[in-house]
Amino acid sequence: MKILAIESSCDETSMSVIEDGVKDLGTVILSQIDIHKLYGGVVPEIASRAHVEAITIVLDEVLKKCNLTMNDIDAIAVTYGPGLIGSLLIGLECAKTLCFIYNKPLIPVHHIKGHIYANNLVKRLEFPLIALVISGGHTDLVYMSEDYSFKKIGGTLDDAVGECYDKVARILDLPYPGGPKLDKLASEGSDTYNLPKPLNDNTYNFSFSGLKSAVINLVHNETQRGNIIKKEDLACSFQKTVCDILTKKTIKALKEYNVNNLVVAGGVSANKVLRKNLEDACLENNINITVPPILYCTDNAAMIGAAAYYAYKKGIIADLNLKAKANVSIEDLDN
Ligand code: KG4
Ligand code: ZN
């Protein structure tokens, strides 16, 4: 089954053709980073306009790349939420139009379910598993007993980890998107700053706003006193604090749920120190870990096409009334 997948939930216009949920026949990702960089973050109205300009070009490109026509496509999948509403609408209208013209089934995909299924393009998911979802908008621990069954067991009470990375990067004067730049800067420093451990308790929940405020206050106070901040050291201490808590709570969840499989998902899974910390901890605890290759960590349509195959097998099909949803839980049934 060949699924044409469309992802436009934030600032990437992406399309892929995925075969049977496992094989990427071709992916095109058109990033808007260069546009939003000028403003220090994604500007929603500009993002949706850029999607409008890009979407037909990306469609032509992906079909050309795969050497396919619309007649070879069996179904169309689209991210319907969560995300920026104006951005989601462009992908959704494109998907509906193609379904209407070519008479194909429409498969609605939850963006975060897509991030989890990015791992299925590396290695077929094995169940039960726990997914650590870490992106610009989410920080969740999700339990899956089988394909397309999602139970949230914990999550952030305030900021998502990627959002915290981006805000700390901003105070350190790093350009947008801050996460990868902060990751690189941290690798040049040492852990010398004493930062608070965020929500170091017995739950599976996270909290990053206190850590973010601690870094911002520290920078302001030191600057007012005329002291120089060693940015690479502060980045390193911040990164270590974040990675320690994410690793600790993820391993705790795996042990307490008696689960041997961990998948990591979302943009922050590109983080080098976090990947290494999680890999080491999993090795020590006899846990299988899958992390997506960098291309599939941040937003892309390949992950949406992979998830869509299993959604379709569960009978999740939408009609042309499908609505975009800015906020929607991972436990939503997508119909
Ligand atoms: O999954 P994603 O592309 O978009 C959302 O669904 O939110 O994640 C984007 C987030 C941004 O906050 C970005 O700064 C962060 O992922 N990110 C990273 C790294 N690469 C991307 N954060 C830390 N280290 C990285 N290497
Ligand atoms: Zn994402």
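Descriptive notes on the structure:
- Test: residue in the stretch 307-325 that is within 28 Å of P180 (Cα to Cα), open to solvent by less than 10 Å² (accessible area, probe 1.4 Å) and at pLDDT 95 or above: yes
- Contact map, the stretch 7-24: residues that are open to solvent by 10 Å² or more (accessible area, probe 1.4 Å) paired with residues that are among the charged types (D, E, K, R), Cβ distance under 7 Å, separation 6+ or inter-chain. Pairs shown: C10/D299; E12/D299; E19/K2; V22/R124.
- Only residues that are within 16 Å of ligand 2 (Cβ to nearest atom) and not hydroxyl-bearing (S, T, Y) were counted in the stretch 42-87, giving 11.
- Pairs are defined by a Cβ separation below 6 Å, a sequence spacing of at least 6 or placement on different chains, a first member in the stretch 288-303 that is in contact (Cβ under 8 Å) with a residue 40 or more places away in the chain, and a second member that is part of a helix (DSSP H, G or I) and polar (S, T, N, Q); the pairs so defined are T290/N119; V291/S269; P292/N119; C297/S269.
- Set L59, L92, L88, L98: member being modelled with pLDDT of 95 or more, in a helix (DSSP H, G or I) and open to solvent by 20 Å² or more (accessible area, probe 1.4 Å): L59
- Residues of the stretch 144-174 that are touching a residue at least 24 places away in the same chain (Cβ under 8 Å), away from ligand 1 (no atom under 11 Å from the Cβ) and not charged (D, E, K, R): M144, Y148, F150, I153, G154, G155, T156, L157, I171, L172.
- Filtered residue count, the stretch 247-266, keeping only those that are more than 16 Å from ligand 2 (Cβ to nearest atom), open to solvent by less than 10 Å² (accessible area, probe 1.4 Å) and not in a helix (DSSP H, G or I): 2
- Scoring T192 on the criteria (1) open to solvent by 50 Å² or more (accessible area, probe 1.4 Å); (2) closer than 19 Å to D166 by Cα; (3) not in a helix (DSSP H, G or I) leaves a single failure, condition (2).
- Contact map, the stretch 102-131: residues that are part of a loop (DSSP other than H, G, I, E, B) paired with residues that are within 13 Å of ligand 2 (Cβ to nearest atom), Cβ distance under 7 Å, separation 6+ or inter-chain. Pairs shown: V122/P292.
- Within the stretch 201-239, the set of residues being under 21 Å from K184 (Cα atoms) and not in a helix (DSSP H, G or I) comprises F208, I228, I229, K230.
- Single match in D299, D280, D244 (criterion: closer than 23 Å to G83 by Cα and either charged (D, E, K, R) or within 16 Å of ligand 2 (Cβ to nearest atom) (or both)): D299
The values are calculated or read from the model by the stated rules, or taken from the named source; none is laboratory data. Only a predicted model underlies this, so the values are computations on that prediction, with no experimental measurement involved. So basically every Cβ, Gly included, is an ideal-geometry build from the backbone, and we count neighbours across all protein chains shown. In case anyone asks, the SASA skips ligands and DNA or RNA and just uses the protein heavy atoms, side chains included. Shrake-Rupley method; radii C 1.70, N 1.55, O 1.52, S 1.80 Å.
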